[in-house]
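**Student:** Once you've had a glance at the structure underneath, I'll fire off some questions.
Laboratory data are not the source of any read-out in this text; all were calculated from the coordinates shown. Small disclaimer: the values here were computed from a predicted structure and weren't measured. FYI the Cβ positions are ideal-geometry reconstructions off the backbone, even for glycines, and counts take in every protein chain you see.
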Amino acid sequence: MGAEHYPPPWFSVAPMMEWTDNHYRTLARLISKKAWLYSEMLAAETIVYQTGNLDRFLAYGPEQHPIVLQIGGNNLENLAKATQLATPYGYDEINFNCGCPSPRVAGHGCFGVRLMLDPKFVAEAMCVIAANTNVPVSVKCRIGLDDHDSYNELCDFIYKVSSQSPTRHFIIHSRKALLNGISPADNRRIPPLKYEYYYALLRDFPDLQFTINGGINSIDEVNAARLEGAHGVMLGRAAYSNPWQILGLVDSAVYGAPLRSITRRQVLEQYQVYGDSVVRMYGLKPHIRDVMKPLLGLFHAEPRNVVWKRKVDAALLRCTTIKSILEETLGEIPDRVLDAPLTEVPSGSTDTFIKAKSLLPPPYTVSEEELL
């Protein structure tokens, strides 16, 4: 249908390797009809070298729209081929990964966040991707890496990529990356958040669209960021580990739709039908454990949640269907939890983002060198 037929990307779920797979996205769409969903990052080479097995990596249910495919890589030819192969699957946007700090990606592969040091190549990559698809393209990046973390360097990257390619949408993870051997988890925690860089980009690049990412963990904070001018807000782990309380409120609290009258029992009934239809669809994959994994956050912070997850873990050793696992374990969850409808949350504070806007760096000025 194209992105213009869907709600604006005011809220999106971040691409997370081994997390935002087809199973999680199916669950997410059962809970929220309006959130924008992203695939896991797929390396261009994976797509190119799996031409006989593309459905396993690229297929998804039509209900998952709006959905964005994220790809990574540093070879223009492979990026072009991968985009061509992915285009028939009908993703609503193609996103290019310039933010992953994983050693597997930014290390030997020399892509992900390392590409922020080569904006000329990123611009070329975006031109190649755009030339091979009929949907919008975007870039997801950090605010810098290692010692290349000044606001001006971030602006140089945004300016070069946007002025030399069709890219008009940037997702900004508001932390820099440290490539000194720390883990991806530490890279989401140790570098300080600098939301002021994000809000300065809104000021200095008024013709571009920016989505803010990093450290935002609730719908209150989503609305607070938007109230201060954020074009869109992206959540990662919070939307995965607590899908009911996060995704369940997106449609009403962010998009203004009526609060849905749906319960977790109903979500599980629908997901079970999906899950049992895909277990071992591709030989031994997906394993039943992979299909159950997204459900483990559905009762976050609820009574008996820990006991239920222990029982699920034990049931996975002998059960062969999602239905049998749920029948064996759901007795641990009180009916009042299973059948409780969604409830709205109170409005939150905007202090974090108000403070960020008071710390804006000086305006970016394009140097003569950059103009040349």
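**Student:** Can you tally the net charge around residue 290? Count Lys and Arg as +1, Asp and Glu as -1, for every other residue whose Cβ sits under 15 Å from the Cβ of residue 290.
**Tutor:** +1
**Student:** Related question: Report the full-extension gain for the segment residue 296 to residue 280: residue separation times 0.36 nm, less the Cα-Cα distance, to one decimal in nm.
**Tutor:** Here the segment from residue 296 to residue 280 would lengthen by 3.8 nm.
**Student:** With a point put 7 Å past each Cα toward its Cβ, work out how far residue 188 is from residue 316 in nm, to one decimal.
**Tutor:** It is 1.8 nm.
**Student:** So, in nm, how far is label residue 6 from label residue 343 when the simple model puts each one 7 Å beyond its Cα toward the Cβ?
**Tutor:** 3.2
**Student:** Continuing with the same structure: Between residue 324 and residue 55, what is 0.36 nm times their sequence separation minus the Cα-Cα distance? Round to one decimal in nm.
**Tutor:** 94.1 nm
**Student:** With contacts defined as alpha carbon pairs under 8 Å and 6 or more residues apart, what's the relative contact order of the chain in percent?
**Tutor:** After rounding, I find 17 percent.
**Student:** Where the convex hull is taken over the Cα atoms of region 264-338, what is its projected area averaged over directions, in nm²?
**Tutor:** 4.4
**Student:** I'd like the chymotrypsin sites (Phe, Trp or Tyr not before Pro) in region 34-105 restricted to DSSP loop residues with at most 16 other Cβ atoms within 10 Å, sorted by number.
**Tutor:** When the chymotrypsin sites (Phe, Trp or Tyr not before Pro) of region 34-105 are filtered for loop state and at most 16 Cβ neighbours within 10 Å, 49 remain.
**Student:** Here's a follow-up. When DSSP assigns beta bridges and you keep just the ones with both residues in the chain, what percent turn out antiparallel, to the nearest 5?
**Tutor:** The antiparallel proportion sits near 5 percent.
**Student:** I've got another one for you. Using Cβ-Cβ distances only, list the Cys residues of the chain with no partner cysteine under 4.7 Å, sorted by number.
**Tutor:** So far as the 4.7 Å Cβ criterion goes, 100, 110, 127, 155, 319 stand without a partner in the chain.
**Student:** Can you list the residues, at least 5 places off or on another chain, whose amide H is less than 5 Å from the amide H of residue 43, using H built in the peptide plane?
**Tutor:** For residue 43, the qualifying residues are 72.
**Student:** Something else: How far apart, in nm, are two points set 7 Å out from the Cα along the Cα-to-Cβ line at residue 124 and at residue 352?
**Tutor:** So the two model labels end up 3.9 nm from each other.
**Student:** Hey, another quick one. Once you charge only the Cβ atoms, +1 for Lys and Arg and -1 for Asp and Glu, what is the size of the charge dipole of the chain about its Cα centre, to the nearest 20 debye?
**Tutor:** About 1000 debye.
**Student:** Sorted by mean Cβ packing within 10 Å, highest first, what order do the peptides 288-294, 193-199, 172-178, 298-304 take?
**Tutor:** Listed from highest to lowest mean packing, they are 172-178, 193-199, 288-294, 298-304.
**Student:** Okay, moving on. So between residue 309 and residue 336, what do we pick up on full extension, going 0.36 nm a residue minus the alpha carbon distance?
**Tutor:** Between residue 309 and residue 336, full extension yields 7.9 nm more.
**Student:** Add +1 for every Lys or Arg and -1 for every Asp or Glu among the other residues with Cβ under 13 Å from the Cβ of residue 76, and state the total.
**Tutor:** -2
**Student:** Related question: Hey, with R₀ at 56 Å, roughly what FRET efficiency would residue 207 and residue 265 work out to, going by the Cβ-Cβ distance, to 0.05?
**Tutor:** Efficiency, from the Cβ-Cβ distance: 0.75.
**Student:** Taking the Cα centre of each part, how many Å lie between region 1-70 and region 283-349?
**Tutor:** 22
**Student:** Can you tally the net charge around residue 257? Count Lys and Arg as +1, Asp and Glu as -1, for every other residue whose Cβ sits under 9 Å from the Cβ of residue 257.
**Tutor:** Computed value for this residue: +2.
**Student:** For residue 323, which lysines qualify as cross-link partners when the Cα separation must be under 28 Å and same-chain residues fewer than eight apart are set aside?
**Tutor:** Filter leaves 33, 34, 285, 293, 309, 311.
**Student:** Okay, moving on. What aspartates and glutamates does residue 160 reach when the alpha-carbon gap must be under 17 Å and sequence neighbours fewer than 8 apart in one chain are set aside?
**Tutor:** 118, 124, 149, 204, 207, 368, 369, 370
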